[in-house]
Amino acid sequence: MSNTWKIYMLAIVSFLVGTSELIIAGILDKVAASIGVPVSVAGQLITVFSLAYAFGTPVIMALTSRMDRRNLLIYSLVAFVIGNAMTAVLPGFLLLFISRIVLALSTGVFIVTALMVASKLAPPDKQGSGIATVVMGFSTALVVGVPLGRVAASMYDWKLIFAGLGVLGLLAIFGMYSLIPKSEGEEPVPIGKQLALLKEPRIAMALLITFFWIAGYSIVYTYISPFLLSVTGMSEKIVSIGLFAFGIASLLGSKFGGYSSDKWGVSRTLIGSLLVHALALILIFIGAMSPIVMFPLLMLWSFAAWTSGPTTQYNLVQQAPEASGIMLSLNNSVVQLAMAFGAGLGGVVVEQISLSSISWIGAIIVFLGVITTVASSRFSRSEALDKG
């Protein structure tokens, strides 16, 4: 088998583990009802996943840095199967909470390792494409995995989804063992060296942009299914279609973000996409009661939100090209922390204010990202003038 197909295999399994992370938001109302907790409490399953991913993945990667990469992929998938089995068979909120931690750690380790392996399998002049293929596999979970999960949860017990993911995880272990070659580990990058970069203002601001972008997105996306069902009044079928359209728009937005960054520059792309992102969330609040209006607004929101995806990563690499790997690792942790913050804050808003309020509060957070982007752009220009 050629290395190209091996990279596609990594992408397919990335889709699998990505579905295990993202599916909860699509079926949150059903999870809450089955375990007897409010939707706001069930939303904390997303918070704990993101926190475990953000803090646990760098530690495990550092501890296993010298381990053979194929073995690490296999071990992470063994943990993935265990986490899905726990979700499928164990009762109660607490045990579900623990299973999300297991799934978060396994997902984080697999994705980071898969990116490393893909870069080694790809030809020297196509390493970026190899990495992008794996990222695309993970992103496709938003397009296909989440809406399909919603449909399956409407027809069967939602726990069967995780049982199915566990079975597919067993097949993935066999695939990794059979198709992925052994490869040596690398010298670990000390956590202190990674955190030292945060002392540089331009890097701190770039990461802050990522935080505001994802936090504003997450506060709404975490509760999107209850929002569409309860506030907008969509039917089960229309919600599933809406989530599918949302996913398609996210892929188009990601593609446009890369194109726009090259054509008009990172700052203009970020400011424009974040402004449209905030505007879309305000319009969602205004048009919350109308299913007809909501459908195009969902697509506008998703397109604008994910236009920022490749742009924020490109922005970070520009800030410290000599430490691009560390920058992307830090960005990954910030994304998960922002997801946790958004999901946690969303739970408080739903409980203390109202479900419909998540959209305008999300818009405020995203707008803070616009302000930070403007400040970052001016700081960079000032620095360039000083050096000149």
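Does V349 satisfy being assigned to a helix (DSSP H, G or I), at pLDDT 85 or above, farther than 22 Å from S254 by Cα and open to solvent by less than 50 Å² (accessible area, probe 1.4 Å)?
Yes; evaluated as a whole, the condition is true for this residue.
Only one entry in I7, I98 is within 23 Å of M327 (Cβ to Cβ) and β-branched (V, I, T), namely I7. For V13, the stated conditions do not hold, so it cannot be described as of a type in the set (A, V, I, L, M, F, W, C), open to solvent by 30 Å² or more (accessible area, probe 1.4 Å) and touching a helix residue (DSSP H, G or I) at 6+ places or on another chain (Cβ under 8 Å). Listed residues S376, S356; which is more than 18 Å from T210 (Cα to Cα) and open to solvent by less than 40 Å² (accessible area, probe 1.4 Å)? Result of the check over S376, S356: S356.
Being touching a residue at least 40 places away in the same chain (Cβ under 8 Å) and either in contact with an Asp or Glu (Cβ under 9 Å, 6 or more places away or on another chain) or open to solvent by 10 Å² or more (accessible area, probe 1.4 Å) (or both) is true for just one of L243, L228, L252. Which residue is that?
Unique residue meeting the criteria: L252.
Listed by first and then second residue, the pairs with beta-carbon distance under 6 Å, at least 6 apart or on different chains, first residue in the stretch 47-64 and open to solvent by less than 20 Å² (accessible area, probe 1.4 Å), second among the hydroxyl-bearing types (S, T, Y), are A54/S333. In the stretch 152-165, the qualifying residues are those that are crowded, with 20+ Cβ neighbours inside 10 Å and in a helix (DSSP H, G or I), and the one that is modelled with the lowest pLDDT is A153. List every residue pair whose Cβ atoms lie under 7 Å apart, where the two residues are 6 or more positions apart in sequence or sit on different chains, the first residue falls within the stretch 358-378 and is more than 23 Å from F227 (Cβ to Cβ), and the second residue, located anywhere, is modelled with pLDDT of 95 or more and open to solvent by 50 Å² or more (accessible area, probe 1.4 Å). The qualifying pairs are V370/L275. Determine which member of the set S129, S183 is farther than 30 Å from A363 by Cβ, at pLDDT below 85 and open to solvent by 30 Å² or more (accessible area, probe 1.4 Å). After applying the criteria, what remains is S129. Within this structure, K6 fails the test of being in a helix (DSSP H, G or I) and either within 27 Å of D157 (Cα to Cα) or touching a Gly at 6+ places or on another chain (Cβ under 7 Å) (or both).
The values are calculated or read from the model by the stated rules, or taken from the named source; none is laboratory data. The structure presented is a predicted model; accordingly, all values stated were derived computationally and were not measured. Cβ sites come from the backbone with ideal geometry, for glycine too, and all protein chains shown count toward neighbours. The protein model used for the area step is the full one, side chains on, heavy atoms only, and it has no ligands, DNA or RNA in it. Shrake-Rupley method; radii C 1.70, N 1.55, O 1.52, S 1.80 Å.
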